[in-house]
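Engineer: One structure, pasted below without further comment.
Where a number appears in this text, it was derived from the coordinates with a stated rule and is not lab data. In this text, all values refer to a predicted model and were calculated from it rather than measured experimentally.
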Amino acid sequence: MKKNWYVVYTKSRCEKKVASLLEKSEVTNYCPLNRRVKQWADRKKVVFEPLFTSYVFIYAADQDLFSIKQLSSDIVNFVYWLGKPAVVKDVEIESIKRFLNEYENVKLEKGVVHIGDRVRIINGPLMNLEANIKTIENNTVKLMLPSLGYAIIAKVSLSNLELVNQQYSQTSSAQ
């Protein structure tokens, strides 16, 4: 019984509620929360908001997906890729966790995954992660998470990147 990470699509603003319900039902899940400082006229407050709107990741076997979907009407469906529930790689879940542990006020940018332009981060919170890079400008690196089609954006020094393929040799020397 092989388990994978899948993505459930929830009703709007029900991510934390669904994650709590899944936890009570003993379904391993992960609802990435972004730490943000909200400013009101009289005070500041730290709040935790879901990083991915209407998404909760679950770790389950393929045959358990139907019963998980039936747990709550707040679970709309699974996110599909090529006609099947999208499988997210373990390394991508770990990357999201490491990223959120190191940075606050993280932004998401919807993107299309491009083949090529691959680097390995050799230092910092995402050390040893290989990622597709969309752009590198002013020390801002956009890491592509292929399973979801999202880019996580963080300030990473160019000196913390190592070329993985020859294509980058030409690109990096031009910068």
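Engineer: What list of ³J(HN,Hα) couplings, whole Hz, do you get for the stretch 18-26 from phi and the Karplus terms 6.51, -1.76, 1.60, once you set θ to phi - 60° and write x for glycine and proline?
Structural biologist: Values per residue, Gly and Pro as x: 5, 4, 5, 5, 4, 4, 5, 8, 6 Hz.
Engineer: For the cross-link pairs 69/107; 44/89; 44/107; 38/89, which exceed 30 Å when the distance is taken from alpha carbon to alpha carbon?
Structural biologist: As for pairs spanning more than 30 Å Cα to Cα, those are 44/89; 38/89.
Engineer: Starting from the amide H of residue 10, placed 1.01 Å from N in the peptide plane, find each other amide H under 5 Å away whose residue is 5 or more places distant or on another chain.
Structural biologist: For residue 10, the qualifying residues are 55, 56, 76.
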